[in-house]
Amino acid sequence: MERRNAEGYHDPTAYGGMRMAEQKAEKETVKMVYKNGRMELYIHEFFPCRLAVAKKVFPLIRRFAKDEDKEKLKQFLRIKAREHSGKVKAFSEKAESLTAKSEEWHFYRRKAREEQIIYNQCMKNLKLLEGRKE
């Protein structure tokens with residue numbers, strides 16, 4: 001997409017609009033269509049979500065989303081859980097190799113806890129997506 005229109009004039013509005021449309025097309029979504037409307041959630045931006053939100057949105061996903069979208073979301077959450085599990089392990093091992101209570105030790109312990117929280121969110125999201133109670 002060029003910044004100039006068909007006549008060769010500079011057209012930043014059309015350029016910006018087309019760039020936004022191209023970016024939106026690339027995003028993976030979970031689409032739900034129901035009697036009174038529809039909802040579209042961007043997977044990479046919305047998930048994993050906090051438990052309060054998950055308890056509201058996953059029953060809708062289980063009921064109104066297509067099987068392909070549910071599977072795509074499951075795969076995403078599994079991959080994210082593995083990523084964050086690996087980070088928890090790496091940060092914990094790094095903290096163990098340092099002097100206890102040092103500034104670096106606190107940093108890596110905090111990073112491990114942050115990654116553990118995200119991992120837990122992924123696992124709880126997976127359980128709710130599959131319809132299992134917490």
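The values are calculated or read from the model by the stated rules, or taken from the named source; none is laboratory data. This one's a predicted model, so the numbers in the text were calculated from it and none came from an experiment. Quick reminder, even Gly has a Cβ in these numbers, built from the backbone with ideal geometry, and neighbours come from all protein chains shown. Only protein heavy atoms, including side chains, enter the accessible area calculation; ligands, DNA and RNA are left aside. Shrake-Rupley method; radii C 1.70, N 1.55, O 1.52, S 1.80 Å.
Key figures
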read-out	value
Reported label for calculated Rg and Dmax of the Cα atoms in Å given (1) 20.8, 67; (2) 18.2, 71; (3) 16.8, 56	(1)
Order of exposure, largest accessible area first, which applies to Ile79, Ile43 with probe 1.4 Å	Ile79, Ile43
Potential extension, Glu28-Ala52 segment - 0.36 nm per residue separation minus Cα distance	6.4 nm
Acute angle (nearest 10 degrees) that the helix 67-96 long axis makes with the longest principal axis of the chain, alpha-carbon atoms	40
Per-residue [θ]222 nm for the chain (sum of -39500 (n - 2.57) over DSSP H runs n ≥ 4, rounded to 500)	-22500 deg cm²/dmol
Glu93 versus Arg38: modelled label distance in nm, points set 7 Å from Cα along the beta carbon direction	4.6
Cα-Cα over 29 Å, subset of Lys27/Lys124; Lys74/Lys101; Lys31/Lys127	Lys74/Lys101
